[in-house]
Amino acid sequence: MLPATLLSRSRLVALALVSLLVLGNVCRATDLSGNWSGTWASGNTRHHGPLQAEFVRLSDSEYEVFFRGKFFAILPFRYSVVLTASEQDGVVTMSGSKYLGRMFGTFQFSAAVTDTHFNANYSSCKDHGCFEMTRCSYATCCEK
């Protein structure tokens with residue numbers, strides 16, 4: 001039979017290990033870093049095109065997202081925006097804004113993101129539309 005102090009220590013160690021395993025999984029936020037690929041579509045003009053993005057995690061609650069795509073199928077565009085992120089039940093809600101010059105104005109972004117899918121709406125004084133992307137993996141090729 002084990003002494004009471006050794007038995008108490010064993011229970012304490014077991015409880016600590018279980019707590020680490022359970023809390024470690026609960027507290028770990030989904031990391032969206034990496035490359036994403038998909039399309040954008042305007043709700044005003046019906047223009048649409050390819051879209052790629054690189055997500056760079058700045059903190060647990062912020063990402064800088066570098067978007068690049070094509071307008072009119074030939075005109076390239078690039079910009080980055082810092083999006084604030086919060087997670088609940090495996091879905092990351094993201095939001096932010098970016099001033100893209102006098103011609104385009106300020107764009108507001110809101111998105112719902114899972115580990116594999118990015119669905120966002122954007123709006124400005126001149127346009128509104130959506131972005132839809134999936135995460136690139138080693139099995140899928142994303143354009144650079």
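The values are calculated or read from the model by the stated rules, or taken from the named source; none is laboratory data. Not measured: the values here are computed from a predicted model. Reconstructed Cβ throughout: ideal geometry from the backbone, glycine too, with neighbour counts over all protein chains shown.
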Restricting attention to segment 68-115, and to residues there that are in contact (Cβ under 8 Å) with a residue 40 or more places away in the chain and not β-branched (Val, Ile, Thr), which single residue is surrounded by the most Cβ atoms within 10 Å (Cβ to Cβ)? Ala85
Which of the strands (runs of 3 or more DSSP E) contained wholly in segment 63-123 include at least 1 residues that are among the acidic types (Asp, Glu)? 75-88
Output for segment 126-144, where each listed residue is modelled with pLDDT of 90 or more and under 18 Å from Tyr79 (Cα atoms): Asp127, His128, Gly129, Cys130, Phe131, Glu132, Met133
Note down all Cβ pairs under 8 Å where the first residue falls in segment 43-57 and is loosely packed, with under 13 Cβ neighbours inside 10 Å, the second is β-branched (Val, Ile, Thr), and they're at least six residues apart or on different chains. none
